1. Specify the angular offset, from 0 to 90 degrees and rounded to the nearest 10, of the alpha carbon long axis of helix 139-158 from the longest principal axis of the alpha carbons in the chain.
2. Let me check the size of the chain from its C-alpha atoms; what are the radius of gyration and Dmax in Å?
3. Could you tell me, in Å, what Rg and Dmax come out for the Cα atoms of the stretch 118-159?
4. How large is the convex hull of the Cα atoms of the stretch 1-66 per residue, expressed in Å³ as a whole number?
5. Between residue 138 and residue 30, with labels modelled 7 Å along Cα→Cβ, what's the label distance in nm to one decimal, could you check?
6. What percent of all Cα-Cα pairs in the stretch 82-159 falls into each 10 Å bin, going from 0 up to the bin containing the maximum distance?
Amino acid sequence: MAKAYALLPPKMRSDRADVMLLAIGLQESRLRYRAQLGGGPARGLWQFERGTRASRGGVWGVYLHAASRDHLRDLCEARGVEYAPDPIYRTLERDDVLAAGVARLLLWTDAKALPELGDWAEAWDLYARRAWRPGKPHPDTWGGFYAEALGTVAEARCA
């Protein structure tokens, strides 16, 4: 994530953002799978779908949102990716820096501040109801992944 943060405005980096990105990455792909298991449409460690201009889901949502589109353009330029939803979507599977940046930008589009550290319920609400809105949410695994992300960030802060 550090390489993605280096390509985004410094105000986007925080422990709260780190925890959210780690928890969502663990929830979505275990930070292991870059293509959705079972052949689904999601790509990258944060499992973005392309979405459509009308639905504004996934990549299209970050591409069209006023809070993220200019930052996405800069991110794409830095990563050598054409600034358009289809090339961005296709590249997510092989460019973890782009994927982390797009994930951070999706969080940036939310009107609320990132949840306080330790507020796993508000973090779930941001992930499941406002930002990613997974088709088949799995609240039973969220608490463990959120706790793991919180611990990882706390350890890094102490190191």
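Read-outs: derived from the displayed coordinates by stated rules, not from any lab. Source: prediction; values computed, not measured. We place every Cβ from the backbone using ideal geometry, glycine too, and count neighbours over all the protein chains shown.
1. In the chain, helix 139-158 runs at an angle near 80 degrees to the longest axis.
2. Over the chain's Cα set, Rg and Dmax evaluate to 14.4, 45 Å.
3. Just the Cα atoms of the stretch 118-159 yield Rg and Dmax of 11.7, 37 Å.
4. Cα-based convex hull of the stretch 1-66, divided per residue, equals 100 Å³.
5. Going by the 7 Å Cα→Cβ label model, 0.8 nm.
6. Per 10 Å bin, starting at zero, the Cα-Cα P(r) for the stretch 82-159 comes out as 16, 39, 36, 10, 0 percent.
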